[in-house]
Amino acid sequence: LPLKPIDAEVKYYDGRTKANETIYCAVIDQDIDPVDLQQCADAVMRLRGEYLYEQKRFDEIKFNFLSDGKPRYFREHSNGDYSYAKFRKYLKYIFSYANTGSLCDELSARAISDMQIGDVFVQKGRPYGHAVIVVNMAKDSVGNKKYMLAQSYMPAQETQVLIDPFSEDKTPWFTLEDGEIITPQWTFQATDLKHF
């Protein structure tokens, strides 16, 4: 994914700046609509949708609504118009009726040891949950698996690459291990990992 310059700060949907209090180390260079819609689950769905759209896998672009748990397909919404503008309208439609609850129900569980890029840590919540997406993986010099996470948050904001809050050098690389996954703004459990 393209990133903004290294010193860029996250912008909220209304143009305000999110102070970087050791939350993120990079900002994904991707515009967001000037409405409070692209929050955490929405950013995950956007990245998934953009990935499939770029590969022209239009039939695979679908997300479930919270109200009935049923998928809404891009191909049905597009009426044959697969332009990027139509795709963005579809996403705005999805963001209005899907959230962490619907995303959590839609995705399948994945064992932490089997993590892959594109997997999602997601928790339902009352009233709010949270979701972050795995955007990269690697192994360190001694063979430990590492992974990188990205999120949006509330209110709607640009997607950011998170810092491991326990790293001394403010690295974005989290170590793959069972138990709690503590991010700068949320704590997940290894059992919260899911995949599309």
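The values are calculated or read from the model by the stated rules, or taken from the named source; none is laboratory data. Predicted model, so just to flag it, every value in this text is computed and none were measured. As a convention, Cβ positions derive from the backbone with ideal geometry for all residues, glycine included, and neighbour counts pool all protein chains shown. The accessibility values were calculated without ligands, DNA or RNA, using every heavy atom of the protein model including side chains. Shrake-Rupley method; radii C 1.70, N 1.55, O 1.52, S 1.80 Å.
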What number goes with the only condition from (1) modelled with pLDDT of 95 or more; (2) open to solvent by 40 Å² or more (accessible area, probe 1.4 Å) that residue 170 does not pass?
(1)
Test residue 59 against the criterion of being open to solvent by 50 Å² or more (accessible area, probe 1.4 Å), farther than 30 Å from residue 144 by Cβ and under 18 Å from the mean Cα position of the chain (by Cα), and give yes or no.
no
Quick one: count up the residues across the range 22-44 that are among the acidic types (Asp, Glu) and without any contact (Cβ under 8 Å) to a residue 24 or more places away in the chain.
1
So for the range 116-136 (the condition being free of Cβ contacts under 8 Å to residues at least 40 places away in the same chain and of a type in the set (S, T, N, Q)), does at least one residue qualify?
yes
Among the residues that make up the range 83-96, is at least one of them in contact (Cβ under 8 Å) with a residue 12 or more places away in the chain and in a loop (DSSP other than H, G, I, E, B)?
no
Verdict on residue 69 being part of a loop (DSSP other than H, G, I, E, B), open to solvent by less than 50 Å² (accessible area, probe 1.4 Å) and in contact (Cβ under 8 Å) with a residue 60 or more places away in the chain:
no
Say we look at the range 1-54 and pick out the residues that are charged (D, E, K, R) and in a strand (DSSP E or B); which of these is most open to solvent (accessible area, probe 1.4 Å)?
11
Out of all the residues in the range 105-120, is one or more under 20 Å from residue 56 (Cα atoms), part of a helix (DSSP H, G or I) and touching a strand residue (DSSP E or B) at 6+ places or on another chain (Cβ under 6 Å)?
no
Filter the range 140-157 down to residues that are modelled with pLDDT of 95 or more and farther than 25 Å from residue 33 by Cβ, then give me how many there are.
4
